[in-house]
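*Asks:* Please read through the structure below; I'll follow up with questions.
The values are calculated or read from the model by the stated rules, or taken from the named source; none is laboratory data. Bear in mind that the values here come from a model prediction, so they are computed numbers and not experimental data. Glycine also receives a Cβ, built like all others from the backbone with ideal geometry; neighbour counts cover every protein chain displayed. Please note that ligands, DNA and RNA were not included when accessible areas were found on the heavy atoms of the full protein model with its side chains. Shrake-Rupley method; radii C 1.70, N 1.55, O 1.52, S 1.80 Å.
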Amino acid sequence: DPGVEVVFLEDHSLPLVSVFARFRGGPSYFPREKQGATTAVPILLRSGGTVDLSPDSVDELLEFYAAETSFGGGGPSSFSSVNTLTRYLDEVLQVWGSLLRDPAFDSTRVEVWRGQQVDRVRRRTDVPRSLAISKFNNLLFGDHPVGWELRPEDLEPEDLAPDMLHSVHRRIFCWGNLTLGVTGDVTWDAMRPKLEQMLDGWPPCETDLVPPPPPTFAVEPGVYLIPRELDQSTIIIGKPSDVRLADDETYFAAQIGNSILGASGLTSRLASRVRTQEGLAYGVSSVWTTPARSRGIIAATTQTKSESTVEVIRLIAETLGEVVAAPPDEAEVRDAVDRIANGFVFNFSSPGLIVSRQMLYLSQNLPLDWLSRFLEGVQAVTPADVQEVFRQNLAPNGLDNMVIVIVGDPDGFDPWLEDMGTIRVLEEDDVFRQP
């Protein structure tokens, strides 16, 4: 009771127990005006004390029991974990459960967190790569939770008032949204009553959280320039992708394709072309996001000196066109399969990782045998599969329909930027809003 799903893995190799909590609910389930509170709540659960314990008392107790905790959240979920010696399990569960269930949100700790975030938000535009990523996400996703970032106006004192924090907390941290995970030196027969005692008194969820509609990706392709007096240009080139997380050959081919294109580091096509052959960038990479319920993005990013900005964009576009025009070599696919398969198994290298990964799969409605299905899927990918998934998601010239974000000094660019698409100049505080 009350029917919370638990992933349990017994492991007596050390006298330790780890408990994980994953809650359905995070910033993406709430309106824009609550972004400050929804971002703050998971972190302030740990630092803000409980209704019975001051923040200092919580710190002292967890230090006395040598318990390690983590708290966080983002997008559609919030999560926490605790690790403790088996002999202190009852005491630590009581403290940890109180932090999750009965937070006090101490006003001093809230103000400290608010000040830190205000400073971080203000500094974000000082880092060209962070600014480019922020603008690219805003352009692609528009006024949608996936593209939202904290702004100074989200962090006013009234945005983090006690009633706002408690309202958000009640809607997320209720047992209807909860999945638990346990691994360590304890049997299920011993652990079950401890969990039931910890959950005793937790309220049911007030209402079901409704996920946001998928983003519409209404931005016009072209060049979006953020002028900054810099010696280097930061470049992101990308577009929406139709590949979604699923147990099918398209998803697995995209994983292999992304590794070949730019995700594998110095051995990738993009790195070989832009860095090794032409010496125009220290690093260049690709990303291919594959959400389960909406479209994702395929993109490439790099930094180069101002006078090679247009040339690097051209090289990236040519590389994208090449993967559309012809399948990769068998050796490229085999190497990519080995990299992904060998790396993926490290997600299951300890009992704690096994449990936390299985909890993630449950939250994404993936089967619990996803490890074996994933490995079988990537190992079955052929060069023709890789070319086909690129053909479905990229233009033959690699440039059409692309959104190109550049943070840099246009006075130092090499010529013919206008050939890359319609140029629009953005200011740092411009926010793109889709119709």
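*Asks:* Which value at 222 nm does the chain reach when only helices count, each DSSP H run of 4 or more adding -39,500 (n - 2.57), with the total divided by all residues and rounded to the nearest 500 deg cm²/dmol?
*Replies:* Working: 13 runs with 166 residues, N = 435.
Taking each H run of at least 4 residues, the total per residue is -12000 deg cm²/dmol.
*Asks:* Now, a different point. Would you please give the residues with an amide H less than 5 Å from that of residue 16, counting only those at least 5 places away or on a separate chain, with H modeled from the backbone geometry?
*Replies:* 86, 185
*Asks:* Now for a separate question. Give, to the nearest whole percent, the P(r) tail of the chain beyond 42 angstrom, counting all Cα pairs.
*Replies:* Values: 21946 of 94395 pairs.
The answer is 23 percent, as a whole percent.
*Asks:* Grab the other residues whose beta carbon is less than 9 angstrom from that of residue 77, score K and R as +1, D and E as -1, and report the net.
*Replies:* Result for the local shell: +2.
*Asks:* Give me the accessible area of residue 39, 1.4 Å probe, in Å² rounded to the nearest 10.
*Replies:* Counting only protein heavy atoms, the figure is 50 Å².
*Asks:* Still on this structure, please answer the following. For the chain, build the charge dipole from Cβ charges (+1 Lys, Arg; -1 Asp, Glu) around the Cα centre, then report which of 280, 243, 354 sits farthest towards its positive end.
*Replies:* Sorting the options by dipole projection puts first 243.
*Asks:* Using a simple charge model, +1 on the beta-carbon of Lys and Arg, -1 on the beta-carbon of Asp and Glu, nothing else, what dipole does the chain show about its Cα centre, in debye to the nearest 20?
*Replies:* Working: 37 positive and 63 negative charges, 70 e Å.
Using Cβ point charges on Lys, Arg, Asp and Glu, the chain gives about 340 debye.
*Asks:* Would you mind getting the accessible area per residue of the chain, heavy atoms of the protein chains only, 1.4 Å probe, in Å²?
*Replies:* Working: 20080 Å² over 435 residues.
Ligands and nucleic acids excluded, the result is 46 Å² per residue.
*Asks:* With r defined as the distance between the Cβ atoms of residue 94 and residue 12 and R0 fixed at 22 Å, what FRET efficiency is calculated, to the nearest 0.05?
*Replies:* Working: r = 23 Å, r/R0 = 1.06.
That pair, residue 94 with residue 12, gives E of 0.40.
*Asks:* Summing +1 for each Lys or Arg and -1 for each Asp or Glu, what net charge is found among the other residues whose Cβ lies under 14 Å from the Cβ of residue 267?
*Replies:* Numbers: positive: 269, 273, 275, 334, 339; negative: 329, 332, 335, 338.
With Lys, Arg at +1 and Asp, Glu at -1, the net is +1.
*Asks:* Considering the range 316-409, what Rg and Dmax in Å follow from its alpha-carbon atoms?
*Replies:* In order Rg, Dmax, the Cα atoms of the range 316-409 give 17.5, 50 Å.
*Asks:* Round to the nearest 10 and give me the degree value, 0 to 90, for the angle of helix 188-199's Cα axis relative to the longest principal axis of the chain.
*Replies:* 90 degrees
*Asks:* State the answer as a single residue: which of 221, 310, 426 lies farthest towards the positive end of the charge dipole of the chain, with beta carbon charges of +1 for Lys and Arg and -1 for Asp and Glu, about the Cα centre.
*Replies:* 221
*Asks:* Now for a different question. Okay, which of the range 203-236 sit inside 16 Å, backbone N to the point 7 Å along the Cα-Cβ direction of residue 124?
*Replies:* none
*Asks:* Heavy atoms only, probe 1.4 Å: what % of the accessible area of the chain goes to carbon and sulfur, would you let me know?
*Replies:* Numbers: 10060 of 20080 Å².
Accessible surface attributable to carbon and sulfur in the chain totals 50 percent.
*Asks:* Starting with the highest mean, order 148-154, 43-49 by the number of other Cβ atoms within 10 Å, averaged over the residues of each peptide. Working shown, then result.
*Replies:* Values: 148-154: 15.7, 43-49: 22.7.
Those peptides, ordered most packed to least, come out 43-49, 148-154.
*Asks:* Roughly how many Å² of residue 194 are accessible to a 1.4 Å probe, to the nearest 10?
*Replies:* Approximately 50 Å² of residue 194 is accessible to the 1.4 Å probe.
*Asks:* So for 106, 419, what's the accessible-area order with a 1.4 Å probe, most first?
*Replies:* Working: 106 50, 419 95 Å².
Per-residue accessible area, sorted high to low, gives 419, 106.
*Asks:* Can you give the accessible area of residue 413 in Å² (nearest 10), computed on protein heavy atoms with a 1.4 Å probe?
*Replies:* 30 Å²
*Asks:* Sticking with this structure for a sec: May I ask for the net charge around residue 246, where only other residues with Cβ less than 11 Å from the Cβ of residue 246 are counted and Lys, Arg are +1 while Asp, Glu are -1?
*Replies:* Here the charged neighbours net out to 0.
*Asks:* Is there a quick way to get the dipole size of the range 181-252? I mean about its Cα centre, with the Cβ of Lys and Arg at +1 and of Asp and Glu at -1; what is the value in debye to the nearest 20? Spell out each step's value before the answer.
*Replies:* Values: 5 positive and 13 negative charges, 39 e Å.
That gives a dipole near 180 debye.
*Asks:* Related question: Out of 268, 301, 258, whose Cα points farthest toward the positive end of the dipole of the range 243-317 (charges: +1 Lys, Arg; -1 Asp, Glu; placed on Cβ)?
*Replies:* 301
*Asks:* So between residue 373 and residue 246, what do we pick up on full extension, going 0.36 nm a residue minus the alpha carbon distance? Mind showing how you got there, number by number?
*Replies:* Numbers: separation 127, 0.36 × 127 = 45.72 nm, distance 1.04 nm.
This chain segment gains 44.7 nm when fully extended.
*Asks:* Report, to the nearest 10°, how far helix 55-64 tilts away from the longest principal axis of the Cα atoms in the chain, using its own Cα long axis and a range of 0 to 90°.
*Replies:* Rounded to the nearest ten degrees, it is 80.
*Asks:* What's the angle, to the nearest 10 degrees (0 to 90), between helix 128-141's Cα axis and the longest principal axis of the chain?
*Replies:* Taking the Cα atoms of the chain, the angle to 128-141 is about 90 degrees.
*Asks:* Continuing with this model, one more query. Using modelled amide H (1.01 Å from N, peptide plane; none on Pro or chain starts), what sits under 5 Å from the amide H of residue 50, excluding residues fewer than 5 places away?
*Replies:* Sorted by chain and number, the residues that satisfy this are 104.
*Asks:* Have a look at the range 223-320 and give its Rg and Dmax from the Cα atoms, expressed in angstrom.
*Replies:* Both quantities, over Cα of the range 223-320: 14.4, 47 Å.
*Asks:* Roughly how far apart, in whole Å, are the Cα centres of the range 207-244 and the range 1-51?
*Replies:* What the calculation gives is 29 Å, centre to centre.
*Asks:* Using unit Cβ charges (K, R positive; D, E negative) and no other charged atoms, how large, in debye to the nearest 20, is the dipole of the range 185-317 about its Cα centre? Intermediate results must be reported in sequence, preceding the final value.
*Replies:* Values: 12 positive and 16 negative charges, 125 e Å.
Charge dipole of the range 185-317: 600 debye, to the nearest 20.
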